[in-house]
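Chemist: First, the structure itself, so that you have it in front of you.
The values are calculated or read from the model by the stated rules, or taken from the named source; none is laboratory data. Predicted model only: the values in this text are computed from it and were never measured. Only protein heavy atoms, including side chains, enter the accessible area calculation; ligands, DNA and RNA are left aside. Shrake-Rupley method; radii C 1.70, N 1.55, O 1.52, S 1.80 Å.
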Amino acid sequence: MLQQDSNDDTEDVSLFDAEEETTNRPRKSKIRHPVASFFHLFFRVSAIVVYLLCELLSSSFITCMVTIILLLSCDFWAVKNVTGRLMVGLRWWNHIDEDGKSHWVFESRKESSQENKTVSEAESRIFWLGLIACPVLWVIFAFSALFSFRVKWLAVVIMGVVLQGANLYGYIRCKVGSRKNLTSMATSYFGKQFLRQNTGDDQIS
């Protein structure tokens, strides 16, 4: 079912109904998607390592910059489209409707009565640790480059902050979006009830 947030045109929808039969499996602490878990960390950690060791690896700034941006781009795509879906059952994206209006859509796999059976606790920890820690490091690099007057690196570290920060923001909204929608609906309902009782107008809708 689609629920649209009246404040910022966001939507929460169920993720991959066809995969719901996999919820019969018990929730386990082991890593169920080792390849996805590896690549969830590989691209982002590699970008950080190349940034830290770039002067030792190559004397060419352009080569290092292109390598880092490629790694960040691969990380952005992999986390946004693959690892989030497999590791924690979440996915987000943006689309433009026919009127040219932007809509943010947040997906989450439906929960069964036994609560998140397809989500591995180990994978969830890896996912959120990598998702949060790496953008924080890029923010630190940005301040370091700024205060040390390494102006040429500012574009690279800002790219790291933007790409990895976008995924962090998207998945946080994906995680808490339904709760926000419920809060908005409850506030709207109680507001209408309050007006109805105080005005005596039964036609408020």
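Chemist: What are the ³J(HN,Hα) values, in whole Hz, obtained from phi via the Karplus relation 6.51 cos²θ - 1.76 cosθ + 1.60 with θ = phi - 60°, for each residue of segment 99-107 in sequence order, with x given for Gly and Pro?
Modeler: Values, residue by residue: 8, x, 8, 7, 10, 8, 10, 10, 10 Hz.
Chemist: On to the next question. Could you report the accessible area of K80 in Å², rounded to 10, computed with a 1.4 Å probe on the protein chains as they sit in the structure?
Modeler: Around 30 Å² of this residue is reachable by solvent.
Chemist: I've got another one for you. Show the residues, 5+ positions off or on another chain, whose built amide H is closer than 5 Å to the amide H of W92.
Modeler: E107
Chemist: Across segment 48-63, in residue order, what do the Karplus-derived ³J(HN,Hα) couplings come to in whole Hz, using 6.51 cos²θ - 1.76 cosθ + 1.60 with θ = phi - 60° and x for Gly and Pro?
Modeler: Computed from phi, the couplings for segment 48-63 are 5, 5, 4, 4, 6, 10, 4, 5, 8, 7, 7, 8, 9, 5, 4, 4 Hz.
Chemist: From the phi of every residue in segment 89-95, what ³J(HN,Hα) in whole Hz does the Karplus formula 6.51 cos²θ - 1.76 cosθ + 1.60 yield, where θ is phi - 60° and glycine or proline is x?
Modeler: With coefficients 6.51, -1.76 and 1.60, one gets x, 10, 7, 9, 6, 10, 9 Hz.
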